[in-house]
Amino acid sequence: MSFINRETSWLEFNQRVLEQCYRTELPLLERVKFLAISASNLDEFFQVRVGSLHLMRSTGTRRRGISGLTPSQQLVNIRKRAIRMIEDQYTLLNDQLIPAMTENGITLLKTEELTPNQLEILAQRFQQSISPLLTPLAYSEDSLAPSLPALSIILACELLTEDTDEARTVLIPVPDQIPRFIHLHSGDDQNREYLIAVEDVIPLFVADFFPDEKLSSTLPFRITRNGDIAVQEEDAIDLAGEMEEVLAARETSSTVRLEYPVKGSAKLKTIIRQMLGTESAETYPTAGPLALTDFIKIAFSPGYDNLRDDPWEPQAPASIESGESIFDTLAERDIILNHPYESFEPVLRFIEEASADTDTIAIKQVLYRTAADSRIIKALIRAAQNGKQVTVLVELKARFDEARNLMRAEELQRAGVQIVYGVKGLKTHAKIALVIRNEDGQLKRYVHLGTGNYNESTSRLYTDISYLTSRSAYGADASLFFNAVTGRSKLTKFSKLVPAPTHMKPRLLELIAAEGKRAKAGEPASITAKINSLQDKEIIEALYQASADGVEIRINVRGICCLKTAKQKNGRKEARNIRVISVIDRYLEHARIFSFHHGGSPLVFISSADWMTRNLDKRVELMIPIEDKASRRRLLNILDTAFKDNSNAYEILPDGSSKMIERKKGVKRFRMQEHLQQQAQKLANARAHERSTTFEPHTPSN
C-alpha cells in the first residue's frame, strides 16, 4: 500500500488557498484576503506540525510516518516545498496585488516615497501613539537573549557611539496594540489612501531613543516558536494550573522558523541567528514585508466595498417559525441546518431559550472553541443564575484557545456552573448540547448535535451542519454520553450515537467492508464522504480494498489527503475507483457528512470527526446517524453538489498535488457554495411568501 505524506498534502492544500490570489475574476481584496489566509495557515503549520517534527528529531526518533519518511526527511521536504510557496506568495504580492491595489486607490508606501507633509504627520503619530508603547531591549553576545514574542515584528537596531564608533545591538518588539499599517491621506486626492508598514515608520524616528548614539542600520525580523507543547496529564493534579504552565512554556519554546527580508544588514542577520540559535534550514528570507497574515487588515479595512464580494447573508431556516418556541418545533419535527447559508440563530436560541424557560431543569454542553463575546457563555451563566442545573465540559486542550477556555471555565464556575476540564488523555471534540425539560411531570430531552463549534463568529465563515431533535433514543444516548465524560464511566450501550475512540472507527470499517461485499456480489455499492482530512491508515486501506472490490468512492476533502487515487501495477498506472476533489471558496469547508449506499437505502451520518487517527483513536468524538427522511435528503443533496462544482473545485492527483477542474465546453457553470446560498434564499423566500398569504386567527387562550 502507498500513501501521500501528511505534511506534503497539507502544503498542497495551502497552495490551493494561495491559488485563489491568481484568479483575476475575483474582487481584488478577496485575493488579498486569500494571501493573508495562506500566510496564517503557514504560521500555524510551522508552530504545530514543524514544531512536532523538530521535537521528534531532537529526541533522536527515526519513526516513520505512513508515507515511510523519518522526521528529518520530512523536514527537508517541508523546507523545499515551503520555500516554493513563499516565493509564490511574494511574487503574487509584488507583481500583481500591490500594483492592483495602487491602481484602485490603496498605495503601500516606501519611506523614500513619503512627502514632507506625510513625514510630519507620521512624526506626530509616532510621538503620540507608537513611542510610548515601545520597549527597547539591549543585547550583547555575552548576555542572555531577551524574551522575544513569537509571530510579532521585531526591529533589530545597530547603534554606534558618536565618539568611538563602538557598535551595540538593541531589539525593539512591536506590540500588537500598534497597528501594522499606518493609514495616511493625501490632501490632493481624497479618494486615495496611503499605507505604510509600522516597521518602516519606527526607524525614521527611533534614533531619539538613543541620545549620543547613531542609528547605523535596522532589520525587521519575525520568529515562530514550537507550539506543539502539551500538558503531561498523567502527572497533572491541577489541570488548569498545568495548562497555564504550558502557555508560559510556549512563549519561550525553541525557534522553528526565522524570517527577515532578503535585503538588509548582513551583520544584523548573523547576530539574530546566533542569538536565536537558528540554523540555515530554519531561516526563511522574504522578498517583501514580513507577516503577510497582517494583510487581512487591509482586506477588511472600511470602504472599498467595490473591491470585495457581495455579501451573502445567512437565511432564516424555512423549517422554523420565528415566533414559535424552539422546543415546540422540535416536539413536532427534526431540524437540519446548513450553516452559514442558514443562520446559526436557532442553535443560539436553543440554549438562550432554555436558559430562561421555566420548564427547563438542566443543560449539559461541550465547549471546544467559542466566540470572543459568546452568547452561548452568557446564556449558560443566566441559566445557572436562574437555578437550572448546568454542566459544561470545557476542553482546556483546544490548541491556541487554551487561555480563552481557561477564562471561560472560571467565568462559568463563578456563576455556579458545574465545570469539567475534558477527559484525561483525550481531547473532547464532540459538538453536543442537551436540554432536559419537565413537561407535565414527564422529563423530555432535546439535543443539538453538530459538526462545528458553538461559535457564532466562525459560524458565518465555516460550512457546518446542525441537527436538532427530540427523538428519545438520541436524548437517551446524549445522557449516556455526558454520564461517561463527567462520571468516568465507559462510552458503551449507545443505541444511535457512535462515539470515538471506542466505536467510530470499527463502525466505519464495518460500513466500508459492507459496501465491498455488495460490490463483489454484483450489487450497486458506493461511498460518498465530505471531510476535512483523510489520514488514518486503516480507513485508507479499507477504502483501497473497497475500491478493488468495485465500490464507487467519492471523497470531498478540504485539506490533508494521504490516500493515493492511483496505484502502480505491472509497471503501469491502474486507476482506483476513487475520486477525490477539494473545494476552495469564500467559506471554509468544515462539515463532515458520510453516506453509504446500503443496498439503495442510504445510511447517512454527520460527525465532529475527520478520518484521521487523532480523531478516531485519540479524541472523544461523535458520529450521528440521520434517520429523518427530509434531513437525510438534504444531506445527500449537499454531498452531490460538491462533485458538480466546475468553478471552485480541484481534482486531487495521484502525487498529492491538485489540478483545478475546468468546465467542459457546453457544460453549464456550477459553483457549489453559490448554489447552496441560492437554495437557502429560495427556501426562505418561499416560506416568507407562504406566511404573507396565510391568515392565522388569534384564538382565546384556555
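Below is a table of values for the structure above.
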{"read-out": "Segment 671-682 residues that are assigned by TED's automatic domain parsing to the domain that holds Arg586, paired with ones that are crowded, with 19+ Cβ neighbours inside 10 Å and hydrophobic (A, V, I, L, M, F, W, C) (beta carbon under 8 Å, 6 or more apart)", "value": "Met672/Val583; Met672/Ala642; Met672/Ala649; Gln673/Val583; Leu676/Ile638"}
{"read-out": "Qualifying residue in segment 141-154 (condition: of a type in the set (Asp, Glu), touching a residue at least 24 places away in the same chain (Cβ under 8 Å) and either under 26 Å from Leu258 (Cα atoms) or not in a loop (DSSP other than H, G, I, E, B) (or both))", "value": "yes"}
{"read-out": "Which numbered condition Ala372 misses (of (1) of a type outside the set (Ser, Thr, Tyr); (2) in contact with a Leu (Cβ under 8 Å, 6 or more places away or on another chain); (3) under 30 Å from Gln681 (Cβ atoms); (4) surrounded by fewer than 16 Cβ atoms within 10 Å (Cβ to Cβ))", "value": "(2)"}
{"read-out": "Residue check, Leu122 part of a helix (DSSP H, G or I) and touching a residue at least 24 places away in the same chain (Cβ under 8 Å)", "value": "yes"}
{"read-out": "Qualifying residue in segment 311-331 (condition: modelled with pLDDT under 95 and farther than 30 Å from Ala356 by Cβ)", "value": "yes"}
{"read-out": "Residue list for segment 328-356, filter: in a loop (DSSP other than H, G, I, E, B) and surrounded by fewer than 19 Cβ atoms within 10 Å (Cβ to Cβ)", "value": "Arg333"}
{"read-out": "Residue count, segment 250-306 (criterion: at pLDDT 95 or above, in a loop (DSSP other than H, G, I, E, B) and among the hydrophobic types (A, V, I, L, M, F, W, C))", "value": "4"}
{"read-out": "Test: residue in segment 532-545 that is without any contact (Cβ under 8 Å) to a residue 24 or more places away in the chain and either closer than 27 Å to Glu589 by Cα or part of a helix (DSSP H, G or I) (or both)", "value": "no"}
{"read-out": "Strands (runs of 3 or more DSSP E) contained entirely in segment 607-700, each with at least 1 residues that are touching a Leu at 6+ places or on another chain (Cβ under 9 Å) and surrounded by 19 or more Cβ atoms within 10 Å (Cβ to Cβ)", "value": "619-625, 649-652"}
{"read-out": "Segment 65-80, residues that are crowded, with 18+ Cβ neighbours inside 10 Å, assigned to a helix (DSSP H, G or I) and not aliphatic (A, V, I, L, M)", "value": "Pro71, Gln74"}
{"read-out": "Boolean, Leu160 is in contact (Cβ under 8 Å) with a residue 24 or more places away in the chain, surrounded by 13 or more Cβ atoms within 10 Å (Cβ to Cβ) and under 24 Å from Ile98 (Cα atoms)", "value": "no"}
{"read-out": "Candidates Pro524, Pro499 - the one that is assigned to a loop (DSSP other than H, G, I, E, B), modelled with pLDDT of 95 or more and not basic (Lys, Arg)", "value": "Pro524"}
{"read-out": "Verdict on Glu538 being assigned by TED's automatic domain parsing to the domain that holds Pro625 and either touching a Gly at 6+ places or on another chain (Cβ under 7 Å) or under 19 Å from Gly65 (Cβ atoms) (or both)", "value": "yes"}
{"read-out": "Number of positions in segment 266-275 that are in contact with a strand residue (DSSP E or B) (Cβ under 8 Å, 6 or more places away or on another chain) and surrounded by fewer than 18 Cβ atoms within 10 Å (Cβ to Cβ)", "value": "1"}
{"read-out": "Complete set of residues in segment 194-225 that are crowded, with 20+ Cβ neighbours inside 10 Å and at pLDDT below 90", "value": "none"}
{"read-out": "Residues of segment 451-473 satisfying the condition of being over 10 Å from Phe344 (Cβ atoms) and either at pLDDT below 95 or buried (at least 24 other Cβ atoms within 10 Å of the Cβ) (or both)", "value": "Thr451, Asn453, Thr463, Ile465, Leu468, Thr469"}
{"read-out": "Positions within segment 513-531 being surrounded by fewer than 22 Cβ atoms within 10 Å (Cβ to Cβ) and within 18 Å of Asn556 (Cβ to Cβ), in sequence order", "value": "Ser526"}
{"read-out": "Leu119 being surrounded by fewer than 17 Cβ atoms within 10 Å (Cβ to Cβ), over 29 Å from the mean Cα position of the chain (by Cα) and farther than 28 Å from Gly227 by Cβ", "value": "yes"}
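Here is a yes/no grid of residues against (1) modelled with pLDDT under 95; (2) farther than 27 Å from Asp294 by Cβ; (3) in contact with a Lys or Arg (Cβ under 8 Å, 6 or more places away or on another chain):
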{"site": "Leu28", "(1), (2), (3)": "no, no, no"}
{"site": "Thr59", "(1), (2), (3)": "yes, yes, no"}
{"site": "Arg63", "(1), (2), (3)": "yes, yes, no"}
{"site": "Gly68", "(1), (2), (3)": "yes, yes, no"}
{"site": "Arg84", "(1), (2), (3)": "no, no, no"}
{"site": "Glu87", "(1), (2), (3)": "no, no, no"}
{"site": "Tyr90", "(1), (2), (3)": "no, no, no"}
{"site": "Leu114", "(1), (2), (3)": "yes, no, no"}
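For (1) surrounded by fewer than 21 Cβ atoms within 10 Å (Cβ to Cβ); (2) farther than 30 Å from Ala546 by Cβ; (3) under 18 Å from the mean Cα position of the chain (by Cα); (4) not aromatic (Phe, Trp, Tyr), each residue gets a yes or a no:
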{"position": "Ile4", "(1), (2), (3), (4)": "no, no, no, yes"}
{"position": "Asn41", "(1), (2), (3), (4)": "yes, yes, yes, yes"}
{"position": "Phe46", "(1), (2), (3), (4)": "no, yes, yes, no"}
{"position": "Arg63", "(1), (2), (3), (4)": "yes, no, no, yes"}
{"position": "Glu87", "(1), (2), (3), (4)": "yes, yes, no, yes"}
{"position": "Tyr90", "(1), (2), (3), (4)": "yes, yes, no, no"}
{"position": "Thr102", "(1), (2), (3), (4)": "yes, yes, no, yes"}
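Table: residues versus (1) at pLDDT 95 or above; (2) in contact with a Ser or Thr (Cβ under 8 Å, 6 or more places away or on another chain); (3) aliphatic (A, V, I, L, M).
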site	(1), (2), (3)
Glu621	yes, yes, no
Asp645	yes, no, no
Asp655	no, no, no
Phe670	yes, yes, no
Thr693	no, no, no
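The values are calculated or read from the model by the stated rules, or taken from the named source; none is laboratory data. This one's a predicted model, so the numbers in the text were calculated from it and none came from an experiment. Cβ atoms come from the backbone with ideal geometry, glycine included; neighbour counts cover every protein chain shown.
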